[in-house]
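Q: To start, I am sharing the structure in question, which I have written as structure tokens.
The values are calculated or read from the model by the stated rules, or taken from the named source; none is laboratory data. Bear in mind the structure is a predicted one, so any value in this text is a computation, not a measurement. No Cβ is skipped: glycine too gets one built from the backbone with ideal geometry, and neighbour counts run over all protein chains shown.
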Amino acid sequence: MEQDISKNQFIQLYTNESDAIYRFCLLRTSDKDVAVDLMQDTFMRFWNVLSQGEKKVENKRAFLFTVARNSIIDWYRKKKTLSLDALAEGSETDAETFMPVGQKKEDIEMTHEAKFLLERIRELDPLYQQVVYLRFVEGLGPKDIAEIIGESANVVSVRINRGLQQLRKVAGYDEEQP
């Protein structure tokens, strides 16, 4: 078994990146418990890939975000299937089944403006949400984001630029000054 990371390096990586992966999952799911589960699942999948020696991971941070993104997609697919099954059975459901639960941010220390902008990012076109979040909240560069979402760095740069323009409009920063 060939590993490109030791147990201590994995623990250090977990310590450094778990909060960022958690925030990424929380922003996409709006559920603290689900975000914790997805974050833990991300690191378990990462460890399994490393321990099985399936592939060499060059950029560990980008790989973690890719795994988290795929886990979130799987979670939404599973949730949609369960909700549709409940409807087909005629069981009572409420609007919360289909709407994201309100995100409580008291445990994420940010300024009022940063909280406001995070909420505005959720209003962006889905094409821009993820790249703007990864670029400005998680601090990833276009090359890393491109690796995560499977696009070219040029496409990512264009999406970041257009996403920022859209964010300025939704946040009210793009209005004409008198």
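Q: Filter segment 14-28 down to the residues that are within 8 Å of the chain's Cα centre (by Cα) and of a type in the set (D, E, K, R) and list them by number.
A: Within segment 14-28, 23, 28 qualify.
Q: Moving on. For residue 79, all conditions in the list (1) within 25 Å of residue 132 (Cβ to Cβ); (2) of a type in the set (D, E, K, R); (3) at pLDDT 80 or above hold save one; what is the number of the exception?
A: (3)
Q: Please work out if residue 145 is under 22 Å from residue 35 (Cα atoms), at pLDDT 90 or above and buried (at least 17 other Cβ atoms within 10 Å of the Cβ).
A: It is true that residue 145 is under 22 Å from residue 35 (Cα atoms), at pLDDT 90 or above and buried (at least 17 other Cβ atoms within 10 Å of the Cβ).
Q: Tell me, which residue of segment 28-42 that is surrounded by 14 or more Cβ atoms within 10 Å (Cβ to Cβ) and out of contact with any helix residue (DSSP H, G or I) (no Cβ under 6 Å at 6 or more places or on another chain) is modelled with the lowest pLDDT?
A: Filtering first and then ranking leaves 30.
Q: Read through the list (1) at pLDDT 85 or above; (2) more than 30 Å from residue 123 (Cβ to Cβ), then give the number of the only condition that residue 91 fails.
A: Evaluating residue 91 over (1) at pLDDT 85 or above; (2) more than 30 Å from residue 123 (Cβ to Cβ) leaves (1) as the failure.
Q: Taking only pairs six or more apart or across chains, which ones have beta-carbon atoms under 9 Å, a first residue in segment 53-66 that is assigned by TED's automatic domain parsing to the domain that holds residue 17, and a second residue that is at pLDDT 90 or above and basic (Lys, Arg)?
A: 59/143; 62/143
Q: Pairs needed: first member in segment 24-49, among the acidic types (Asp, Glu); second member anywhere, buried (at least 16 other Cβ atoms within 10 Å of the Cβ); C-beta distance under 6 Å; at least 6 residues apart or different chains.
A: Listed pairs, sorted by first residue: 41/71.
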